[in-house]
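Take a look at the structure below.
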Amino acid sequence: MWTRTWCGTSPTGCLPPAELMAEPSEKPVLRIDLCSSTPVYRQILDGLRALLVSDMFHPGDKLPTVREMAIDLGVNHNTVAEAYRLLADEGWLDLKRHHGATVLSREPQRAGPERRQDFAQRLQELAASAIADGVDKAAVVHQLNTLADQLKTQKECL
Amino acid sequence: MNSIRLDWPLIIAALFPWASIAVGALMIPRLTRPDLFFAVTVKRSFRDSPPGVEIRRQYTAYVLGTTLVALLPLICFALPRFWVLLGVLGPCAIELAGWLAAFLLARHRTLPYHAEPTAEREVQLTPRPASLPGGGLAQAGPFAILVVTCLALVVKWPAIPSRIPIHWGLGGAPDGWAAKSLAAVFGGPGIGFLACALLAGVSCLAMRGVRRIHGSGRARQGEARFVRAIVFFLLGMEYWVALLMALLGLAPLRPNLQAPLPQFWLILPCETLLIGTIFFISFRMGQGGWRAGAAAGNEVSNDDAPVGDRTPDACWKLGLIYYNPNDPAVLVEKRFGVGWTLNFANPRSWLVIGAIFLFMLAVLALALAVK
């Protein structure tokens, strides 16, 4: 099972790669890498957001409490709390003390032209970085196409 | 020449823990996760490699040797009464000391083969169950037994004689007496109540405060089964303690106080059953339930970085005591054996230790009050 690695941060910053989505019978799983250069809170934030965007959770679903997740991941409570707080600020979660985090119904957001341009630029930079690191161009194209196919099958949630 | 009179029930009582420790010590190399070996994180394939087999062989030889040497104090049973205590405690003490030495030596020989565990962590994104297995009714049962016992003692208070038995020999005959008092009459059920509360607390911690190593797959299922099995075992312990304390607590209401307790013979078989159950769970499921899950699926190959138990080797003092200030967990999986141990660097662990200490203090205070 550890041959599939995912540091919580999706390459696209939007959706987890297809093989990392939970199987229909399985509960969603978040994976992080303590050796990654990405801060752990960021990995948790990006990983959870990716799952939330991909409809792995429904409004009213409960997430593990900060304490439970910190114990399972073996990281400080504050690290998990920070990720949850940022997701709550984005409108994804409702945080109540001793009751964990509840997934909220989030209104679709409208991004302005600046945000779209920023996204396009980051995507280009990410692809360029991957190619510079030796990832095959065909693999990058394939991954982008896979992502596009996934997005088409999902309802509008951003 | 005087013939030697041997106290056979006492000898059996001494041999029972001796045999249990021996079996436990011999099973230890198997009662651990496959990528842990004598409390050191190693590659999964190390266990069956030539150095791994050699370390295990030497450990087994030392344990067997110590187990035989530990029988020597049994000759104290042929000596005057004063020495008998040495005969009871001696085998276990020698065995434990020998096992510790064998374990530390095996660990020392394993350390050069230490493998760095994977830095990847995973968590299943579902909250833990809010209630304990068996439900509230089953969990309340032991406390109900003790409450009913206390109520019966209150109702029958006038019928309780002025001198009551408070201690029984191995044959079930009373061999310790005390004057009628609140401490003497209600002490047993009270201690039972505290013990059950302590066990229930451990169950809650196990359900909610123990790290789940795997977030998915068969390994995850194995872990969940293991936790459930241990929590059910703890529930069984609670019932055992409650029934035992109820039996002893109601003893003063018997018409003939001098007569041995008829149900006393059940104690040893029940305790054997409890110890056998814990061995069975350990052997069948493996520490952390890995044998009940990942083993069948063979999800981790021998060449993968070991997963271990998500605790760094450096934080295990002598492989036995866990001290990691950066770990938020209170209970962590023991590196061998069965169940969990405390993270002594977590302040909450000291609350647990304080509760155990208070329990022992309560038992001592009760003993003094009865005296």
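The values are calculated or read from the model by the stated rules, or taken from the named source; none is laboratory data. These figures come from a predicted structure and were not determined experimentally. Please note: Cβ atoms are built from the backbone with ideal geometry, for glycine as well, and neighbour counts cover all protein chains shown. Only protein heavy atoms, including side chains, enter the accessible area calculation; ligands, DNA and RNA are left aside. Shrake-Rupley method; radii C 1.70, N 1.55, O 1.52, S 1.80 Å.
How many residues does the range B:267-285 contain that are closer than 12 Å to B:Gly172 by Cβ and open to solvent by 70 Å² or more (accessible area, probe 1.4 Å)? Show your work before the answer.
To start, the set of residues in the range B:267-285 that are closer than 12 Å to B:Gly172 by Cβ comprises B:267-268.
From what's left, open to solvent by 70 Å² or more (accessible area, probe 1.4 Å): B:268.
Total meeting the criteria: 1.
When A:Val53 is tested against the conditions (1) under 26 Å from A:Gln121 (Cβ atoms); (2) of a type in the set (A, V, I, L, M); (3) at pLDDT 90 or above; (4) open to solvent by less than 10 Å² (accessible area, probe 1.4 Å), the lone failure is (3).
For the range A:76-108, a residue qualifies if it is away from chain B (no Cβ under 12 Å), open to solvent by 30 Å² or more (accessible area, probe 1.4 Å) and not hydrophobic (A, V, I, L, M, F, W, C), and the qualifying residues are A:Glu82, A:Arg85, A:Asp89, A:Glu90, A:Asp94, A:Lys96, A:Arg97, A:Ser105, A:Arg106, A:Glu107, A:Pro108. Of all residues in the range B:192-217, those being open to solvent by less than 10 Å² (accessible area, probe 1.4 Å) and facing chain A (nearest Cβ under 9 Å) number 4. Name the residues in the range A:54-75 that are more than 7 Å from chain B (Cβ to nearest Cβ) and out of contact with any Pro (no Cβ under 9 Å at 6 or more places or on another chain), would you? Answer for the range A:54-75, where residues must be more than 7 Å from chain B (Cβ to nearest Cβ) and out of contact with any Pro (no Cβ under 9 Å at 6 or more places or on another chain): A:Asp55, A:His58, A:Pro59, A:Gly60, A:Asp61, A:Val66. Could you say whether any residue in the range B:159-171 is in a helix (DSSP H, G or I), among the hydrophobic types (A, V, I, L, M, F, W, C) and open to solvent by 10 Å² or more (accessible area, probe 1.4 Å)? Yes, because at least one residue in the range B:159-171 is in a helix (DSSP H, G or I), among the hydrophobic types (A, V, I, L, M, F, W, C) and open to solvent by 10 Å² or more (accessible area, probe 1.4 Å). Given the condition over 30 Å from B:Pro165 (Cα atoms), more than 13 Å from every other protein chain (Cβ to nearest Cβ), open to solvent by 50 Å² or more (accessible area, probe 1.4 Å) and of a type outside the set (S, T, N, Q), answer yes or no: does some residue in the range B:218-228 qualify? Yes, the range B:218-228 contains a residue that is over 30 Å from B:Pro165 (Cα atoms), more than 13 Å from every other protein chain (Cβ to nearest Cβ), open to solvent by 50 Å² or more (accessible area, probe 1.4 Å) and of a type outside the set (S, T, N, Q). Return yes or no: is B:Thr110 in contact with a strand residue (DSSP E or B) (Cβ under 8 Å, 6 or more places away or on another chain) and surrounded by 17 or more Cβ atoms within 10 Å (Cβ to Cβ)? In short, yes.
Between B:Thr60, B:Thr67, the distinction of being of a type in the set (Ser, Thr, Tyr) and buried (at least 18 other Cβ atoms within 10 Å of the Cβ) belongs to B:Thr67 only.
Just to be sure before I move on: is B:Ala179 in contact with a Cys (Cβ under 8 Å, 6 or more places away or on another chain) and surrounded by fewer than 18 Cβ atoms within 10 Å (Cβ to Cβ) in the structure I sent? Walk me through it before giving the result.
Numbers: in contact with a Cys (Cβ under 8 Å, 6 or more places away or on another chain): no; surrounded by fewer than 18 Cβ atoms within 10 Å (Cβ to Cβ): yes.
In short, no.
Every test in (1) over 25 Å from B:Arg109 (Cα atoms); (2) in a loop (DSSP other than H, G, I, E, B); (3) free of Cβ contacts under 8 Å to residues at least 40 places away in the same chain is passed by B:Ala329 save one, and that test is (3).
Against the definition (open to solvent by less than 70 Å² (accessible area, probe 1.4 Å) and within 14 Å of another protein chain (Cβ to nearest Cβ)), how does B:Glu116 come out, yes or no? Steps first, please.
Working: open to solvent by less than 70 Å² (accessible area, probe 1.4 Å): no; within 14 Å of another protein chain (Cβ to nearest Cβ): yes.
Answer is no for this residue.
State whether one or more residues within the range B:226-235 are under 30 Å from B:Ile160 (Cα atoms) and touching a residue at least 12 places away in the same chain (Cβ under 8 Å).
no
Is it the case that some residue within the range B:70-77 is among the aliphatic types (A, V, I, L, M) and either in a loop (DSSP other than H, G, I, E, B) or closer than 25 Å to B:Arg291 by Cβ (or both)? Yes, because at least one residue in the range B:70-77 is among the aliphatic types (A, V, I, L, M) and either in a loop (DSSP other than H, G, I, E, B) or closer than 25 Å to B:Arg291 by Cβ (or both). Residues that are over 25 Å from the mean Cα position of the chain (by Cα) and either of a type in the set (A, V, I, L, M) or buried (at least 18 other Cβ atoms within 10 Å of the Cβ) (or both) were ranked within the range B:300-317; the one that is modelled with the lowest pLDDT is B:Val300. Buried (at least 21 other Cβ atoms within 10 Å of the Cβ) and farther than 20 Å from B:Ile321 by Cα: does that describe B:Val40? No; evaluated as a whole, the condition is false for this residue. For A:Ala130, the stated conditions hold: it is touching a helix residue (DSSP H, G or I) at 6+ places or on another chain (Cβ under 7 Å) and in a helix (DSSP H, G or I).
With the condition kept exactly as written, say whether any residue in the range B:128-137 is within 14 Å of chain A (Cβ to nearest Cβ), open to solvent by less than 40 Å² (accessible area, probe 1.4 Å), outside any helix (DSSP H, G or I) and charged (D, E, K, R). Scanning the range B:128-137, I find at least one residue that is within 14 Å of chain A (Cβ to nearest Cβ), open to solvent by less than 40 Å² (accessible area, probe 1.4 Å), outside any helix (DSSP H, G or I) and charged (D, E, K, R), so the answer is yes.
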